[in-house]
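Read the structure below first, then the notes.
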Amino acid sequence: MKFAKMHGAGNDYVYVNAFDTQIADPAALAIELSNRNFAIGSDGLILILPSDKADVRMRMFNADGSESEMCGNGIRCVAKYAYDHGLVKKTEITAETGAGILTLQLFPNTAGKVSKVRVNMGQPRLKRGEIPMTGPAEEQVVGAELRVLDRTFHITCVSMGNPHCVIFVDNVAEFPVAKYGPVIENHELFPRRTNVEFVEVISRGEVRQRTWERGSGETLACGTGASAVTVAGVLTGHTDRRIVNHLLGGDLEMEWREDGQVFMTGPAVQVFEGIYDPM
């Protein structure tokens, strides 16, 4: 099986061109490939497929084999792969995801390879029923109290096609993400589990984020999470609509426009290509 190893701000996946390769059990393959000691190593597996609705289609599987609706860093790399490998020949494309069809603007470098992608992440979904969360379906969750283990957090919850729980903290570098992240991910409030973002506000235009990703643990970056943080920052009054988000793997430029659309601009990098053939 031919594959490419790619990352967006350190959020790394194994990418397979499913235009010409059939994958019988992608969930099991994601678990196998993601092992960093005995296989390629990644945060999961992303398939790049044909679509009858868009230029390409993305399916994304976490390291534990669970399928997610969307991945903001992953979709940028899908766009890069599609352009660099000739699946598309234009610099504005559409991609079908489990969260809907997204529009992406590609920025090729002087070598003719895409180095940066701007994604219209769409409008956030803010009601409990849309995220989804238990409780009154029409209610928004902004700064609500949540008791977890020995602490009470104030949570703001957003769906960017997948669920996110955003928590603002004073010092994110020293925050015990691995302690609280999995407990919140699997909390009964979230019937499909949730991604958890722990965020330190540096200024009204700048934040620092760490992410506990549903099904993968702490990752170096999360694009849908950065989008959720942008929305949560505005809803709670912490930040402006345009911010720079510093993640462990790099920076993302974010904007929640007045028309409700969230835009994300960030890098897309291919690390290497190879053939996976376990003997």
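The values are calculated or read from the model by the stated rules, or taken from the named source; none is laboratory data. Nothing here was measured: the structure is a model prediction, and the numbers come from that model. Note: ideal-geometry Cβ built from the backbone for every residue, glycine included; neighbour counts use all protein chains shown. These accessible areas exclude ligands, DNA and RNA; they are computed on the full protein's heavy atoms, side chains included. Shrake-Rupley method; radii C 1.70, N 1.55, O 1.52, S 1.80 Å.
A simple spin-label model places pseudo-atoms 7 Å from Cα toward Cβ; at Asp240 and Ile101 they are separated by 3.4 nm.
Ligands, DNA and RNA are left out, and with a 1.4 angstrom probe the accessible area of region 1-143 is 42 Å² per residue. Springs join every pair of Cα atoms under 10 Å in this Gaussian network model of the chain, and among Glu174, Glu218, Glu206 the largest mean-square fluctuation is at Glu174.
Here the simple spin-label model places points 7 Å from the Cα toward Cβ, and for Arg151 and Asp277 these points are separated by 4.9 nm. Were the residues from Asp64 through Asp170 laid out at 0.36 nm apart, the gain over their Cα-Cα distance would be 35.1 nm. The accessible surface of region 110-154, taken with every protein chain in place and a 1.4 Å probe, is 45 percent carbon and sulfur.
Tell me the per residue accessible area of region 184-279 using a 1.4 Å probe; a whole number in Å² is fine. Display every interim value, and only then the final one.
Details: 4010 Å² over 96 residues.
Computed with neighbouring chains in place, this is 42 Å² per residue.
Between region 155-230 and region 239-262, the C-alpha centres lie 15 angstrom from each other. Given springs between every Cα pair under 10 Å in a Gaussian network model of the chain, which of Asp150, Asp251, Asp20 has the largest fluctuation? The residue that fluctuates most here is Asp150.
Sequence-distant contacts, meaning Cα pairs under 8 Å at least 6 residues apart, place the relative contact order of region 151-279 at 19 percent. Taking Thr194, Thr152, Thr239 as the candidate residues, the one with maximal mean-square fluctuation in a Gaussian network model of the chain, Cα springs under 10 Å, is Thr152.
Within the set of other residues whose C-beta is less than 9 Å from the C-beta of Ala268, count the net charge using Lys and Arg as +1 and Asp and Glu as -1.
Working: positive: Arg76, Lys80, Lys116; negative: none.
Result for the local shell: +3.
Close Lys pairs in the chain (alpha-carbon distance under 30 Å; sequence gap of 8 or more, or different chains): 28. Computed extension length for Leu49-Glu92: 13.7 nm, one decimal, from 0.36 nm per residue of separation with the Cα-Cα distance subtracted.
What shape does region 165-279 take by its C-alpha gyration tensor, where a ≥ b ≥ c are the square roots of the eigenvalues and a/c under 1.5 counts as rounded, a/b above b/c as prolate, and the rest as oblate? Show your work: numbers first, answer last.
Numbers: a/c = 1.77, a/b = 1.26, b/c = 1.40.
Here region 165-279 falls in the oblate category.
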